[in-house]
Each structure stands twice: as C-alpha cells, then as structure tokens.
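Bear in mind that the values in this text are calculations on the coordinates, not laboratory data. Predicted model only: the values in this text are computed from it and were never measured. Reconstructed Cβ throughout: ideal geometry from the backbone, glycine too, with neighbour counts over all protein chains shown.
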Amino acid sequence: MTAFLHLYEHHVARLAEQGLRRQLPPPSDRWLADFSSNDYLGLSRHPEVLAAAHQAIDEYGLGATGSRLLSGNLALYEAFEARIAQDKQAESALILGSGYQTNATVLAALMNPKVLGAEPLVFTDRLNHASLHHAFKVAGIRQIRFRHADLDHLRELLDKHANSPQPKFIVAETVFGMDGDVMDVAALVSLARQHDAFVYLDEAHATGVMGPQGYGLTAAPGCHADLAMGTFSKALGGSGAYVACSYAVKDYLLNTCTGFIYSTALSPVVVAAMLKAWELLPTLEAERQRLMQTAEGLRQRLQQMGFDTGASTTHILPIILGDETRTLQARDKLQQAGINVSAVRPPTVPAQTARLRLALNSGHTAEHIDALLQALATL
Ligand SMILES: Cc1ncc(COP(=O)(O)O)c(C=O)c1O
C-alpha cells in the first residue's frame with residue numbers, strides 16, 4: 001500500500017461533508033416507478049431490437065475483435081452509417097463506442113491548432129455536458145462561454161471576435177440533459193453561418209424523441225450542423241454513439257480521432273440492435289406524442305404544487321431544490337416510497353441548483369405519475 005492512498009479517502013470524505021459524495025444507487029429492479037432511466041421509448045426491451053441482437057450474436061459472435069481500422073469493420077457498421085447519414089441529411093456518418101468517447105475525442109481532434117493553423121475560438125453553452133468539457137481539457141482550449149441557450153449573448157461574443165482570423169466553433173446541446181430545455185437550433189445555425197463558425201451539436205437527449213421522425217433536431221431543414229453527434233445510450237436503449245458530418249470530416253476523423261482509431265469497435269450485437277432501434281424510430285410517433293403529453297401534464301402539476309421546473313419543455317423535468325443536502329434527502333424519501341429519481345448536484349449542475357431529475361418514458365402510466373406526485377407531496 002502506498003503512503004498516499006489515504007488522500008483519496010480524505011477527498012471523498014470532504015465531498016461527503018459537502019453533500020456531494022456520489023454513491024452507486026441500490027439495484028434498480030425493485031421500483032414502483034422509475035424516473036431515472038434514459039430509456040425514453042422503452043427500446044431497451046423492444047422485441048424487435050432484442051431479436052436483432054439475438055440474430056447478430058449467432059451471425060457475428062460477441063465482439064468486434066478489433067478497431068474498425070484493423071479487424072473490426074463489418075458491412076453492418078457501414079450500412080448503419082449510411083442509414084444515419086441519410087436520416088440526418090448529412091453526407092456521411094461514423095459510429096463510435098460511446099457518447100462520452102465521441103465528444104471527448106472527436107471534438108478534441110477537430111480543434112487541433114496544428115491542423116487549423118491557429119488556436120480556434122470556441123463558443124460554448126454554459127450548461128454543456130462534461131464530455132464536451134473533457135475535449136477542451138484534452139485540446140488545451142479556453143472556452144468562450146455564452147449564457148445558457150442565450151443566442152443574443154452568443155451573437156455579442158461572435159461580433160466581438162468578428163475580425164479575428166482564428167477559426168470559430170460553436171458547441172452546444174440541442175436538448176439539455178439536466179434542464180430539459182431546447183436550443184433554438186435554426187437560429188444558432190443561421191448565426192453560425194453569418195460568422196463562418198463550425199457548428200458542433202450534441203443530440204444525446206434529442207435522438208429518438210425530437211425532430212423529423214425522431215432523428216433529432218438537426219435533421220430538420222435549416223438546422224443542419226457541421227457535425228451532429230448523438231448517443232444510442234438513451235432513447236435507443238443500448239449504447240454507442242454516432243456523428244453525422246461531411247465526407248471530409250469523416251475522413252479526417254478516421255485519421256486523427258484517437259477515440260475511434262485506438263478503440264475496439266462496438267460489438268456487432270449492439271450495432272445490429274441499434275440499427276433496428278434506429279429503423280423503428282419513424283414508427284414510434286404515437287409513443288413520442290404520449291411521452292411529450294405526459295411530460296406536459298406532469299410539468300403543470302409540479303408547477304401547481306410550487307416546484308421549480310426551470311425552463312424544461314421536454315420529457316426531462318428538473319425539480320430545482322437548490323441545496324445539495326435537501327436534494328439528497330428528497331431523493332432518499334422518494335426512493336423509500338418506491339419511486340426512483342436522480343439527485344443531480346454540482347459540479348454536474350451549477351452551484352445552488354441541485355435538483356431532482358425526472359426522466360419520463362413512453363411507458364409511464366397515470367398510476368406511475370400519481371405515485372410520483374403523492375410521494376412528492378410529502379416532501
Ligand atoms: C449531453 C450528453 N452528451 C453525451 C453523453 C454521453 O453519452 P454516453 O452515455 O453514450 O457516453 C451524455 C450522457 O450522459 C449526455 O447527457
């Protein structure tokens with residue numbers, strides 16, 4: 001045992017004192033109602049998705065056996081990428097191992113000052129996901145942050161740097177995972193075009209549930225990003241991620257993105273299942289409508305009860321309580337009543353905005369919502 005191991009214990013003890021210690025939740029199969037899962041359309045258990053996985057395991061075996069650039073490339077992956085590109089109205093697409101890996105390594109590769117000839121100016125929404133921040137750390141880029149979803153502020157910042165020869169990027173989510181509000185993608189893209197900025201948008205929480213046929217907000221006319229990424233880990237019910245981009249950007253990533261080059265490809269079992277889930281999306285319009293209607297009804301009830309649901313307009317509803325300890329106590333009380341919700345605290349969200357995060361899915365019934373509201377009434 002090295003002499004400094006106790007420092008890790010001290011660090012966690014300090015987090016605990018501040019109400020910020022993270023712990024694994026109890027196993028999640030015993031809830032009366034679960035509002036913590038990102039399986040927004042219930043696709044993780046859809047019979048056709050599971051059948052595709054079963055078939056793939058017989059056909060391909062379990063693992064990809066190598067990086068896509070070595071032994072791990074299959075026609076299955078290329079077919080899925082072609083389908084993603086078509087539905088995202090992009091020239092091409094690339095599948096990667098996870099959303100975190102994608103943001104951390106694709107974005108870092110794109111911002112490489114040596115390739116760009118200068119350090120880029122990168123304009124970022126204040127509430128962007130940790131995986132996007134990771135890319136800036138890796139690339140050593142200082143972010144120019146705009147107020148959350150505030151395009152007037154973004155315009156001001158872009159104007160301030162209008163004469164700079166440095167390449168510009170705008171990086172944001174389309175549906176924000178901890179707040180459940182939506183970026184005005186058409187306005188953002190239009191602003192970016194005026195400033196010749198590269199638009200990088202994260203559709204993790206929009207993929208499957210928003211935009212034309214559920215293919216995300218960047219699939220709509222006038223909303224195309226230079227690169228749109230999304231995950232298979234939320235509404236598609238599996239894991240992995242995609243980017244939709246130009247041929248040139250894909251080619252560049254094949255040659256420079258460490259998270260693609262040096263990582264074993266996703267299992268063909270997962271890819272086959274996710275392709276099936278992706279193909280099912282256009283057929284799930286009724287599920288999407290039910291999801292958004294349930295969310296709207298719940299939002300109104302929560303607001304009537306005096307809860308602060310922030311700027312949420314989607315299937316993700318925060319109940320912003322502010323204080324970390326109070327948020328943990330509320331989460332524990334709900335869990336004791338059989339209702340699973342997530343307690344989200346800084347640094348995942350800004351200071352003083354600790355919250356319960358409710359993630360709805362299309363399988364939630366009136367009984368689930370009633371059970372949640374009853375438990376919330378006791379807080
Ligand atoms: C906005 C956003 N981007 C990226 C990710 C990472 O995706 P994955 O879980 O596939 O690694 C998440 C998931 O937590 C997310 O919320």
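Using a 10 angstrom Cβ neighbour count of at most 10 plus a DSSP loop assignment to flag exposed chymotrypsin sites (Phe, Trp or Tyr not before Pro), which longest range of the chain is free of such sites? Don't jump to the answer; show the numbers that get you there.
Working: sites that count: F4, Y262.
Between the exposed loop sites, the longest stretch runs 5-261.
The mean sequence distance of close C-alpha pairs (under 8 Å, at least 6 residues apart), as a share of the length of the stretch 47-282, puts its relative contact order at 31 percent.
On a 32 Å Cα-Cα criterion, which of the cross-link pairs K234/K333; K137/K276; K88/K168; K88/K114 come out too long? Violating the 32 Å limit, Cα to Cα: K137/K276. Classify the stretch 107-169 as rounded, prolate or oblate from the Cα gyration tensor: take a ≥ b ≥ c as the square roots of its eigenvalues, call it rounded if a/c is under 1.5, otherwise prolate when a/b beats b/c and oblate if not. Oblate, since a/c reaches 1.5 and b/c is not below a/b.
In this structure, the amide hydrogen of F146, modeled 1.01 Å from its nitrogen in the peptide plane, lies closer than 5 angstrom to those of T124, D125, R126, counting only residues at least 5 positions away or on a different chain.
Under Stokes-Einstein, with the Kirkwood radius over Cα pairs standing in for Rh, what whole-number D in µm²/s applies to the stretch 79-231 at 4 °C and 1.567 mPa s?
84 µm²/s
Applying 1/(1 + (r/R0)^6) with r as the Cβ-Cβ distance of L15 and R145 and R0 = 30 angstrom yields a FRET efficiency of 0.75.
Extension gain, T283 to A75, is 72.4 nm, computed as 0.36 nm per intervening residue step minus the present C-alpha separation. Only one residue of T294, A371, S312 has its Cα farthest out toward the positive end of the dipole of the stretch 263-377, where Lys and Arg carry +1 and Asp and Glu -1 on Cβ, and that residue is S312. Over the stretch 80-128, the hull volume per residue, using the convex hull of the C-alpha atoms, is 120 Å³.
For the residues V341, V12, V122, a GNM of the chain with alpha-carbon springs under 10 Å puts the largest fluctuation on V12. Relative intensity of the stretch 271-368 on a log10 scale, I(q)/I(0) at q = 0.14, 0.16, 0.25 Å⁻¹, equals -0.63, -0.77, -1.28, per a Debye sum over C-alpha point scatterers of equal strength in the absence of solvent.
For the stretch 186-279, what is one quarter of the convex hull surface built on the Cα atoms, given in nm²? Mind dumping the intermediate values first?
Values: hull surface 26.1 nm².
Average of the hull's projected areas for the stretch 186-279 equals 6.5 nm².
Normalised radius of gyration (Cα atoms, divided by 2.2 N^0.38 Å) for the chain: 1.01. Placing a label point 7 Å from the Cα of Y247 along the Cα-to-Cβ line, the residues of the stretch 90-117 whose backbone N sits under 11 Å from it are 91-92.
Computed over neighbours whose Cβ is under 14 Å from that of L158, the net charge equals 0, Lys and Arg +1, Asp and Glu -1.
Reported value for the stretch 4-140: 260 Å³ per residue, from the convex hull of its C-alpha atoms. Less than 5 angstrom separates the built amide H of V199 from those of I170, D226, L227, all sequence-distant by 5 or more or on a different chain.
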